[in-house]
Amino acid sequence: MAKFVKSVGLFVLFQVIFIVLFGVFGEFSLSNDESTYAKFIDVQVMLVVGFGFLMTFLKRHGYGSIGFNFLIVAVVFEWAILMLGWIQMIKLKRGTFQIGIIDLLEVDYCTAAVLVSLGVVIGKATISQLLIMSIIEVLVQTFNKYICERYLVVHDAGNSIYIFVFGAFFGLAVSKVINVGKFDDQKDGSSYNSNLFAMIGTLFLWLYWPSFNSASSFGKVRAIINTHISLAASCVTAFIFSALAGKGKLKMAHIQNATLAGGVAIGAVADVVSRPVGSVIIGSFSGIVSLFCLKA
């Protein structure tokens, strides 16, 4: 965290730019619809608390992980409002954009993509590199989603494709560019305490994921139910196969991540899966696949 002092100038520069851009383009929406606020807060809890604590799995980067996660959430929140606002201006052919609660929810989704990428390079990238990565990723992600929705007509109820697939590949690309090197378990591994704090993040994410998948979907009730079922199924299979892989001993890296796989896997089709058995199958297999993809 002490290295953050060296990056203050860069953050000051971007904050001044944000102030100017908000002053030129930003307006409040005339809509008084508050129905989306509860879902917006649920997603905010996932971003700040869920992802924040999940990032603390590295024993040497606990303070930096949760602190930088918090900072990046705030920076991306401002920048994503501007980017989505400009896309709104393109759609409506206006000279300014309006900010409503529903727009803040879309901003949260964009922020989640950046946090997925953050998880790939956490502990390896400097805060300056994380800032530059975030600025570029928001730019690419927002236009990628705009193109996919408008021209390719891609259905993604829980934004699994736009967030988790995109964020993962973007993070891998960034790790290649900054050359993060090989994983050193002695320096980059986890400890009892770091795993315990990371589990707090897992529990928050697990609880709030149905809100995440249903907030912008058309069939909200079905999306909520399907997500709950899929999460439960992935949780069960994660524990079973973690015990089998560890010869009776659970591995916390499996539990922290594979238990959440059901929420990611069901996301794109959360509001269209017609029978509960589909959610159980998706959740079960996603938990198994996620577990065996982890080296820890």
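An oblate overall shape is assigned to segment 110-235, the ratio a/c of its alpha-carbon gyration tensor axes (a ≥ b ≥ c) being 1.5 or greater and a/b not exceeding b/c.
Assuming charge only on the beta carbon of Lys and Arg (+1) and of Asp and Glu (-1), the dipole of segment 1-147 about its Cα centre is about 620 debye to the nearest 20.
Note on LEU196 and LEU92: with the Förster distance fixed at 35 Å, the Cβ-Cβ geometry gives a FRET efficiency of about 0.10. Could you tell me whether segment 233-279 comes out rounded, prolate or oblate from its Cα gyration tensor? Rule is a ≥ b ≥ c as square roots of the eigenvalues, rounded for a/c under 1.5, then prolate if a/b exceeds b/c, otherwise oblate. Because a/c hits 1.5 or more and a/b exceeds b/c, segment 233-279 counts as prolate. The relative contact order of segment 197-268, computed from alpha carbon pairs under 8 Å that lie at least 6 residues apart in sequence, is 37 percent.
Converting phi to 3J(HN,Hα) with the Karplus coefficients 6.51, -1.76 and 1.60 and the offset θ = phi - 60°, segment 38-55 yields 4, 5, 4, 5, 4, 5, 4, 4, 4, 5, 7, 8, x, 5, x, 6, 4, 6 Hz in sequence order, with x at every glycine or proline.
Taking amide H as placed 1.01 Å from N in the peptide plane, the amide H of ILE99 sits under 5 Å from that of GLU27, PHE28, SER29, each at least 5 places away or on another chain. Think of a 1.4 Å ball rolled over the protein heavy atoms: segment 148-244 then has 55 Å² of accessible area per residue. Computed over the chain with a Gaussian network model linking Cα atoms closer than 10 Å, the most mobile of ASP103, ASP33, ASP156 is ASP33. Across segment 284-291, coupling constants 3J(HN,Hα) worked out from phi with the 6.51/-1.76/1.60 Karplus curve, θ = phi - 60°, read 4, 5, 5, x, 5, 4, 4, 5 Hz, and Gly and Pro carry x. Counting 0.36 nm for each residue step from PHE218 to LEU71 and taking away their Cα separation leaves a gain of 49.7 nm. So for segment 55-179, averaging the separation of alpha carbon pairs under 8 Å that are six or more residues apart and normalising by length, what relative contact order in percent results? The normalised contact order for segment 55-179 reaches 31 percent.
Computed over protein heavy atoms with a 1.4 Å probe, the carbon and sulfur contribution to the accessible area of segment 127-175 reaches 75%. Direction-averaged projected area, Cα convex hull, segment 1-150: 9.3 nm², rounded to one decimal.
If R0 equals 22 Å, the separation of the Cβ atoms of ILE178 and ILE136 corresponds to a calculated FRET efficiency of about 0.95.
Applying a threshold of 24 Å to the alpha-carbon distances of LYS93/LYS145; LYS91/LYS176; LYS220/LYS251; LYS145/LYS220; LYS176/LYS251; LYS59/LYS124 flags LYS91/LYS176; LYS220/LYS251; LYS176/LYS251 as lying beyond it.
Over the chain, Cα pairs under 8 Å with separation of 6+ residues give a relative contact order of 21 percent. Think of each Lys and Arg Cβ as +1 and each Asp and Glu Cβ as -1; about the Cα centre, that makes the dipole of the chain roughly 860 debye. Scalar couplings 3J(HN,Hα) for segment 100-116, obtained by applying the Karplus form with A = 6.51, B = -1.76, C = 1.60 to θ = phi - 60°, are x, 5, 4, 5, 5, 5, 5, 4, 4, 5, 5, 4, 4, 4, 5, 5, 4 Hz; x denotes Gly and Pro. Each of PHE218, PHE292, LEU172 was scored by the projection of its Cα onto the charge dipole of the chain, and the greatest displacement toward the positive side belongs to PHE292; charges sit on the C-beta of Lys, Arg, Asp and Glu. Using only Cα coordinates, the Kirkwood hydrodynamic radius of segment 164-267 works out to 15.5 Å.
The GNM of the chain, with springs linking C-alpha atoms under 10 angstrom apart, assigns the highest mean-square fluctuation among VAL153, VAL45, VAL140 to VAL153.
Can you tell me the FRET efficiency between LEU30 and ARG150 if r is taken as the Cβ-Cβ distance and R0 is 30 Å, rounded to the nearest 0.05? Approximately 0.80, to the nearest 0.05.
The values are calculated or read from the model by the stated rules, or taken from the named source; none is laboratory data. Bear in mind the structure is a predicted one, so any value in this text is a computation, not a measurement. Reconstructed Cβ throughout: ideal geometry from the backbone, glycine too, with neighbour counts over all protein chains shown. The protein model used for the area step is the full one, side chains on, heavy atoms only, and it has no ligands, DNA or RNA in it. Shrake-Rupley method; radii C 1.70, N 1.55, O 1.52, S 1.80 Å.
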